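Worksheet: one structure, shown below.
The values are calculated or read from the model by the stated rules, or taken from the named source; none is laboratory data. Worth saying up front: this structure is predicted, and the values here are computed from it rather than measured. When we count neighbours, we look across all protein chains shown, and the Cβ atoms used for this are built from the backbone with ideal geometry, even at glycine.
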Amino acid sequence: MRMKPHSKPLKMKINNMIVADKTPKILCPDDFNLPYTLGDVPEEQQVVLDSCFAPVSSLLEHSIKGLAAEGIPMFVGYGVLTGLAQVGIVRAGIEMRSDEMTRKWGEFIRTGDNDDTDTDDNDDKVKKLNEDAVKYKLPAIFNKASSYCGYYGGTLGFIDTGEAQDRWADPLILSQETIKQGGFKGIKLIEPYVVSPGYYNSVNPMADDYFKPTIWYVQGIPVHASRMLYFAENALPTILRPAYNFFGLPLAQKVLDAVSHFTGCRESANRLLEKYSLTVFKTDMTEILSGGMDTTLQQRIQYFVQNRSNDGCATIDKEKEDLVVMTTSLAGVTDLVRQAMEYVAAMFNEPVTKMWGLSPAGFNTGDADLRNHYDNIESLQEKMFGEPMTRLCKLLQLNAFGEIDPAIEFKFAPLSEDDEALKITNNKTKAETNVMLMDAGVVAPEEVREQLINDPNSGFNNLEPYDPAAPGTDPLEPFDPSLDPLDSPDIERKEVTIDANFNESDHKRDADGKFTSGGGSSESGNELTKSAKELMGKEYKGYTGQKAIDKLLQEKNGHIKNAFTREDIGGISVLWGDDKAGLKHIITQRTKQGFTQEKLDKFFSELGNVIETGALGKNDRGTFELSKDGKVAVVSPELHENNFTFLLTAFKRRTKK
């Protein structure tokens, strides 16, 4: 009996036309050529430019082909970076950071570390520099420089001094001889893809110019590095600097991985949302799976879809068709997308609060996040803008005044208003501490003044350093009447009563028209006591005026009678004395106030001028005062029955009430 052979099963054969081709395009270095907008480069420079771009082309080829395979980051090239500048998330992060770095800008300030006492002139200088910062559009230039650092890793700012192009290869020295007043034209930013390094030291790692170009070629034009402001971020190891055109790691490349992951995560979530509800239509697929056309099936599906709604009705064949609705759980999708967002913010080194306007999941944050953001921005200002702004500060001073004042510097404004409140609280605490230390005698007032000058947050760092010889300087320590030399038990004195308005008609004059010492008869004997004789010491003759003071300071003993002569008083004697009288007493008091020898010398150098030309006055202690420019020389009317007529007893500064 012959058996009937089994019929062959249908072989599955799917028509190729119904499967879409989604093969991604493979990029090559030719896709990242220099843009045509660079212009028509002269033929003699084309070879230079081609050779400059060759390393970039090579890096592109290696990075694109080997980045995914090897997993090692490499410089992606300026073509790719320019493309990333068009990616919304990358651009938003970089521009946000640049705007924050220059949002409040800052101002030129005076630190007070100078000897110039003309405060008005100093204020005019600072005001002029702040006006020039606006004139030359420095905030906008630094904002753009920060953006270029984010997109390309760095940029150069050409210092235009008006010199001819053939001088650009020469160094630019910031001095009065090279920078003429009014010669500065401004700063011109140069995008890094049109520059290439020239000469640099790759031999001696101990040298300052190790892997730092001294010449830059801008479209083939050599320019000395001193004529450029160098901006860069994310400094790289030395071996990688040439690969990155001697700039830093671009922020766009740094965040590329995080942005790509977030984009993929977001797109996956979107696709999942599209397939959240999937309708499965069961029908006869024999013809399609055997290689036939699906025209009838497509029409059947289209008929089903157009009637599918809340108000429609889905009709299917009872015997050959079936309908199933499948739903996909979306639990955890939000957490995954949010985690990817936080990762992007971390790569931008920004808190999620600032980057996305959200708080990290599971955390109750706010002020702390913003504080971290402000700290990051202030750090970037110092790293990226510190050196360029220091050079610009000197350049603007030479351009405006023809000289550099080392006490003037630029300070960025604090970004947070909370910083100001915190600064006020800290300054109050410091002030209370300083008062306690001064009351305890631990520190002197001039030391506190110096602390205020050196503290950039004190609000008083523009004060002039205390100089006892400077006119108009306030005293650092009030004059202590208990230490007045006239109160010494070894010295007798005659009290003198002087009217409030100092009416000279009430005082007797001698035959020469000069005031007599006491205006009355003496009650003391003509002989000095033994202690007074020892106090007087040797008498030096032939010295007058400032030379008399200098002589006693040199000899450190003795006295000089009538060392000074005034028309209204007559002769004024000078005494070396001891710790309670004379010049030595003055030195003792000023030394307690912390005077150095240099300050003492300067202090006494003006004493003679005050005695000779100071205005005559009186005080309630019966002594005369000779005042000039805030300095006061105290003169006793008489001592021991005219043995000392009008003796210098003190030298101080007028205390402001």
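The residue that is nearest to Thr283 (Cα to Cα), counting only those in the range 296-329 that are surrounded by 11 or more Cβ atoms within 10 Å (Cβ to Cβ) and of a type in the set (Lys, Arg), is Arg300. Tyr343 fulfils the conditions (1) at pLDDT below 80; (2) among the hydroxyl-bearing types (Ser, Thr, Tyr); (3) assigned to a helix (DSSP H, G or I) except for a single criterion, (1).
Among the residues of the range 166-183, what is the count of those that are under 24 Å from Ala145 (Cβ atoms) and either part of a strand (DSSP E or B) or touching a Gly at 6+ places or on another chain (Cβ under 8 Å) (or both)? Residues meeting the conditions: 1.
Looking only at the range 262-284, how many residues end up being among the hydrophobic types (A, V, I, L, M, F, W, C) and in a strand (DSSP E or B)?
Initial filter on the range 262-284 (among the hydrophobic types (A, V, I, L, M, F, W, C)): 262, 265, 269, 272-273, 278, 280-281.
Okay, now just the ones that are also in a strand (DSSP E or B), so 278, 280-281.
Counting residues in the range 262-284 that are among the hydrophobic types (A, V, I, L, M, F, W, C) and in a strand (DSSP E or B) gives 3.
Just a yes or no: is a residue in the range 104-114 modelled with pLDDT of 90 or more, crowded, with 21+ Cβ neighbours inside 10 Å and touching a strand residue (DSSP E or B) at 6+ places or on another chain (Cβ under 7 Å)? Yes: one or more hits.
Among the criteria (1) modelled with pLDDT under 85; (2) in a strand (DSSP E or B); (3) among the hydrophobic types (A, V, I, L, M, F, W, C), the one Phe564 does not fulfil is (1).
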